[in-house]
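Some notes on the structure that comes next.
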Amino acid sequence: MARLVLFVNGELGIRAVEFLAGQVVGAVVHPPGERDSERIRNAVGDDIPIWKSDQLEKEQTRSEMEGLRPTHGLSVLYGDSIPASILDLFPEGAANLHPSLLPHGRGAHPHAWAIAAKEPAGVTLHLIDGGLNTGPILAQEAVHTLGTDTAAALYARLIDTATQLLASSIPLWLQGRLQARPQPKSPSAPRQAGDLDRELRIDPDKSYSGRELIDILRARTFPPYPGAPYDQDGARLRVRIELAEEDD
């Protein structure tokens, strides 16, 4: 039976812990959150160790994790790199559940770029190989992007699809029944978190088509993120868009 260490963040991470609780021997929470840790504790019981993400670089954490004799590692929206010294503990490898249709959408905020750059959207389970979302693909599912989507609306559908992929594919991977395939070369460099403000900003002195401006605003409407930045009269302002279908 698989002995799984989970690296989790947010609601999807909690769902993964709850779904896989019977095989979880340890969990790492990022960012450290008492609420997340409490829900994980309720799912796995009092005997399963839970670490905070800032403890992974400590030799004591590695030693404790090694003592659990884990077979697999699984990252679910973890949002940070896992040290090689930790990845080496999993003889059957480690996988990552990423909310993009790789090789598109590598890195941060793929839901926003799917709208702004018109990239394919979806969810991918892939092996971790040391690069940023570059490992062989185990399973993936496309998600159609609608012209009425904000990044928040698209993200909600991606999480629903990721939940389904988690339920259908993770058990097969843990049983050694998924065949990984090489990932195609990415058409773009992986995005960093700061790329949103650097590239998806509004310049009041620039001429935009209506579609360009709407797409920037749709991509940047993703609470709790503060929206698209622009500077006006010495002030830094943020703007989002509200979309509503008109009644017939």
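The values are calculated or read from the model by the stated rules, or taken from the named source; none is laboratory data. Just so we're clear, the structure is a prediction, and the values are computed from it rather than from any experiment. Ideal geometry is used to build each Cβ from the backbone, glycine not excepted, and the neighbour counts take in all protein chains shown. Heads up: the accessible areas ignore ligands, DNA and RNA and are worked out on the full protein's heavy atoms, side chains in. Shrake-Rupley method; radii C 1.70, N 1.55, O 1.52, S 1.80 Å.
Observations
- Nearest-10 value in Å² for the accessible area of PHE19, using the 1.4 Å probe: 100 Å²
- Charge tally in the Cβ shell below 13 Å around PRO223, where Lys, Arg are +1 and Asp, Glu are -1, PRO223 excluded: +2
- Across the chain, C-alpha contacts under 8 Å between residues 6 or more apart give a mean separation that, scaled by the residue count, equals a relative contact order of 15 percent.
- Averaged over residues, the count of other Cβ atoms within 10 Å places the peptides 157-168, 50-61 in the sequence 157-168, 50-61, highest first.
- In terms of the mean number of neighbouring beta-carbon atoms within 10 Å, the peptides 69-80, 97-108, 184-195, 134-145 order highest first as 97-108, 69-80, 134-145, 184-195.
- Residues of the range 150-248: accessible area per residue with a 1.4 Å probe, Å²: 64 Å²
- Longest to shortest principal axis, alpha-carbon extents of the chain, angstrom: 60, 38, 38
- Helical runs assigned H by DSSP (4 residues or longer) give the chain a calculated mean residue ellipticity at 222 nm of -9500 deg cm²/dmol, each run adding -39500 (n - 2.57) before division by the residue total.
- Percentage relative contact order, the range 65-126, counting C-alpha pairs under 8 Å, at least six apart: 31 percent
- Distance from the alpha carbon centroid of the range 5-68 to that of the range 103-152 works out to 25 angstrom.
- Expressed to the nearest 5 percent, the antiparallel share of DSSP beta bridges inside the range 60-186 is 75 percent.
- Cα-based reach from LYS206 at 30 Å (exclusive), listing lysines while leaving out same-chain residues under 8 positions away: LYS118
- Cβ-based net charge around PRO190, under 13 Å, with every Lys or Arg adding one and every Asp or Glu removing one: +1
- Compared with the dominant principal axis of the Cα atoms in the chain, helix 210-220 is inclined by about 30°.
- Antiparallel %, DSSP beta bridges [both residues in the chain], to 5: 45 percent
- Lys, Arg +1 and Asp, Glu -1 on Cβ, resulting dipole of the range 55-148 about Cα centre, debye, nearest 20: 280 debye
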